Amino acid sequence: MVIYSPGRTSNHPEEPPADGLRYNFLGGGNEVGNVACLLEDPSNNKILLDYGLAPTNPPKYPAESPMIKNAVITHSHIDHLGMAPWLCSQYRTKLHGTVLTAAISEMMWHDCYKVSKIEGYPLAWDKRDIDGAIESWVTHDFSTPWEIDDWKLKLEKAGHIPGAAMLHIETDNGKVMFTGDFDTRDSMLTTGAKPQDTDVLFIEGTYGGRNHPDKEKEIQRFISRVVEVTDAGGTALIPAFANGRTQDVVMLLHQRLPELDIHVDGMGKRIAKLQLSHPEMLRDPQGLESAWRWAKQVSSKSDKKKALNSDCIVTTSGMLEGGPSIWYLNRLRDDPKNAILLTGYQASGSGGRELLDDSRIKIWNDKVKIDLPIDQFSFSTHAGHDEIVDFTSKCNAEKVVIYHTDAQQARPPLAEELERNGHEVHMPINGIPGIL
Ligand SMILES: [Zn+2]
Ligand SMILES: [Zn+2]
């Protein structure tokens with residue numbers, strides 16, 4: 001597959017809209033992740049919101065962006081910034097975001113590049129484009145407005161992960177807000193997003209039609225399972241995403257089970273260091289700092305071996321797609337006292353998904369049967385259905401655009417309820433511009 005090949009150009013309309021605001025999802029309109037949305041007005045004010053890549057197998061890329069001077073990046077997950085180096089190398093686009101998103105971006109891009117080489121999938125940008133992208137950042141404090149042409153922009157906390165932002169824009173056509181990935185519930189790392197008055201709300205609908213289990217009950221279920229495994233003399237392998245989930249889980253274990261011997265491995269260690277260097281982005285910086293001092297950091301082969309005899313190992317990859325989690329699984333799999341505790345969504349085609357469906361997983365080049373007990377816990381930091389509906393009402397949004405969503409299952413029940421509540425609902429399809 002060749003993407004963004006020479007000679008091919010964007011099919012986005014060249015002229016600005018005659019009136020109103022025009023949006024065009026190059027990706028992430030009727031799918032989860034892979035977000036890229038152009039927003040423009042008749043006076044040629046224009047921005048791109050996010051430019052991600054969905055880390056599925058094979059990955060999904062947004063359509064090619066036309067020339068764009070300014071992109072706002074909501075947060076540092078790869079499905080929101082994975083393709084940004086291409087923008088910067090192609091158009092010298094400025095990337096706007098919070099200081100923590102900018103700090104973490106470099107690591108995310110290097111990891112994305114590395115995975116693309118290992119998996120052999122195409123990437124439209126090269127390793128050297130990362131340097132240009134790093135130099136393209138313009139960082140903004142929360143709640144501090146800045147201007148791009150006639151538009152006044154502002155970032156507010158989105159919950160989700162530290163540094164994640166919602167974008168507010170004041171335009172001649174009214175107030176617009178993009179939630180990015182957001183959650184109104186507090187997590188160990190972040191405080192929840194607060195609604196704000198807006199005319200148009202672009203809202204992520206990942207959890208449309210689904211509600212999360214009660215948070216405290218889910219935590220209790222997780223903690224009880226950890227206790228069961230460790231009391232029986234086993235080690236709990238806890239695969240966790242690097243950016244947000246690893247730190248949330250370590251903080252939780254520190255708070256609830258301080259007597260345990262916990263080891264942490266993978267890219268989440270470096271991300272925690274960056275989070276700690278921006279304490280203003282954290283709900284409880286002291287909490288993360290003491291949890292991080294308490295957990296044993298794995299940094300060598302001998303540390304890895306020691307971790308095999310500990311109570312819990314928290315490590316990437318969260319979907320058991322390579323990384324240290326596979327190394328540990330391979331060594332823990334023969335002792336039935338050990339267990340696997342999944343802490344996140346397992347995409348179809350991922351190692352974790354295969355393990356759940358078929359008790360088998362690819363370790364190096366072999367498909368291996370795994371007889372260890374396996375449990376899955378829901379620690380999502382996306383708003384659930386009821387939170388989305390409530391947030392939308394409190395924003396007094398006249399028009400609502402539901403994106404970052406599964407268009408078959410998740411969006412219809414959400415659209416239905418929002419329409420019942422009096423909102424004018426838009427359901428974008430990638431590549432088809434809409435007018436607001
Ligand atoms: Zn996302
Ligand atoms: Zn995210």
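Brief remarks on what is shown
- Helices (runs of 4 or more DSSP H) completely within the stretch 70-130 that count 3 or more residues being within 16 Å of ligand 2 (Cβ to nearest atom) and closer than 25 Å to LYS46 by Cα: 78-81, 99-119
- Selection from the stretch 222-248 of residues that are more than 23 Å from SER105 (Cβ to Cβ), assigned to a helix (DSSP H, G or I) and not small (Gly, Ala, Ser): PHE222, ILE223, ARG225, VAL226, VAL227, GLU228, VAL229, THR230, ASP231
- Among the candidates LEU81, LEU48, residue that is closer than 25 Å to MET281 by Cα, over 17 Å from the mean Cα position of the chain (by Cα), of a type outside the set (Val, Ile, Thr) and at pLDDT 95 or above: LEU48
- Exactly one residue among GLU40, GLU14 is acidic (Asp, Glu) and at pLDDT below 90, and that residue is GLU14.
- Checked against the criterion of being among the aliphatic types (A, V, I, L, M) and surrounded by fewer than 21 Cβ atoms within 10 Å (Cβ to Cβ), the candidates LEU260, LEU253 yield just one match: LEU260.
- Residue in the stretch 159-172 that is outside any strand (DSSP E or B), assigned by TED's automatic domain parsing to the domain that holds VAL401, in contact with a strand residue (DSSP E or B) (Cβ under 6 Å, 6 or more places away or on another chain) and at negative phi present: no
- Selection within the stretch 183-204 - more than 16 Å from ligand 1 (Cβ to nearest atom) and part of a strand (DSSP E or B): VAL200, LEU201
- Out of GLY27, GLY33, sole residue that is within 16 Å of ligand 1 (Cβ to nearest atom), of a type in the set (Gly, Ala, Ser), in the same structural domain as ILE118 (by TED's automatic domain parsing) and under 15 Å from ILE432 (Cβ atoms): GLY27
- Considering residues of the stretch 203-213 that are buried (at least 17 other Cβ atoms within 10 Å of the Cβ), farther than 24 Å from THR246 by Cβ and more than 15 Å from ligand 2 (Cβ to nearest atom) only, the residue farthest from the chain's Cα centre (by Cα): GLY209
- Whenever a residue of the stretch 354-369 is in the same structural domain as TRP327 (by TED's automatic domain parsing), its partners that are among the basic types (Lys, Arg) and not in a strand (DSSP E or B), lying with C-beta atoms within less than 8 angstrom and at least six residues away or across chains, give the pairs VAL368/ARG333.
- Residue match in the stretch 61-68 (condition: within 14 Å of ligand 2 (Cβ to nearest atom), crowded, with 23+ Cβ neighbours inside 10 Å, in the same structural domain as MET166 (by TED's automatic domain parsing) and not small (Gly, Ala, Ser)): no
- Test: residue in the stretch 167-182 that is free of Cβ contacts under 8 Å to residues at least 12 places away in the same chain, more than 16 Å from ligand 1 (Cβ to nearest atom), over 22 Å from the mean Cα position of the chain (by Cα) and closer than 22 Å to TYR51 by Cβ: no
The values are calculated or read from the model by the stated rules, or taken from the named source; none is laboratory data. Just so it is clear, the structure is predicted and the values come from calculations on it, not from any experiment. Please note: Cβ atoms are built from the backbone with ideal geometry, for glycine as well, and neighbour counts cover all protein chains shown.
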